[in-house]
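In what follows, a single structure is set out as structure tokens and then discussed.
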Amino acid sequence: VSSGLFVYDAHNGSELGSLTHLAPGESIFAARFLGDGICYLVTFVRTDPLYAIAFESEGTTPIVLDELKIRGFSNYLHPILSIDRVIGLGHDVLELETGGIVTAGLQLSLFDVANNDLARLDLYTIGDTGSFSIATSDHRAFFYDTDSHVLAFPLTLATLDARTEFFPEEVIQPWTQGLVNFQGAFFFKIDDSQNSFSYLGNVTHFVDPDFFTPRWVPYDWVIEGEEEETAGYWDTYFNTYDSGYHISRIFRRGDNLFTVSDSAILKSSFPDLDQISRLELHDTASLAQLFWLGNPFEPVPEI
């Protein structure tokens, strides 16, 4: 397995240049092309090489300017050209004694890309195995405010601490998934030094504090030889997606911040994140279509 980058003529489809045998044995996980002829690529198999690539010979010949190898990987890259930074959102990994790897918690990285001399300035790890964010596969879920340098993304948080608290007798293995105990959006700010993140807080649409508590779900049939109370399973998600309260979009209007799920819109102060008001939605499908497809013709309900 080998990755490559190819340049084609937009008019006739002919190949103009290429960069082959890039990161042998690894797959491309993220790519970001900038207007100044620079491309950033992330590949991964055991580590996360971040490549800075330029295009020479009138933009037809890609060459590697620099490479940075770090643990984990980024699925999404968000450039901040005004301060020569790139944000990476992906996952940390755990290496097993057997030589394999396990995808761990979410990983938020801040990269310095000035003069294409790559360096990771800060790293923030969130949760354990089982944590994920739709922003790693849908860039529209990622929020970045250029004026305040505040960023946010929806996430489902799973932690081993929560699992141990609920299942104290369980032996935790490297591949054990954490227990989901939060869904919402996490907010961070790039500090004035432009070299690190600060955690600002979170917003959630779930109001029941016991919503993520595991529930025992008995089977509708009983295994022969077992007591009825042991014939079932622990449902640790408890239909969280069916609730419709998983945040999928975040946007700002002046001093107000709006978070959107299929079932509600929450209005909060920005950047304090204090709740101002909440709108429950009855026609959830129409709003999901609006933000998923980016329909510009449907107005956003006033709150």
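No value in this document is a laboratory result; all are computed from the given coordinates. Computed from a predicted model, the values in this text were never measured in an experiment. Backbone-built Cβ (ideal geometry, glycine too); neighbour counts: all protein chains shown.
Annotation for segment 65-144: GluC sites (Glu not before Pro) lying in DSSP loop with at most 13 further Cβ atoms inside 10 Å of their Cβ are E97. Of the chymotrypsin sites (Phe, Trp or Tyr not before Pro) found in segment 148-224, those in coil by DSSP whose Cβ has at most 15 other Cβ atoms within 10 Å are W175, Y219, W221. Quick check: net charge around D161, other residues with Cβ under 15 Å of its Cβ, Lys/Arg +1 and Asp/Glu -1? Net charge around D161: -2. For L106, the shell of other residues with beta-carbons less than 10 Å away shows a net charge of -2, using +1 for Lys and Arg and -1 for Asp and Glu.
Annotation for N256 and L81: the two label points, set 7 Å from Cα along the Cα-Cβ direction, are 3.1 nm apart.
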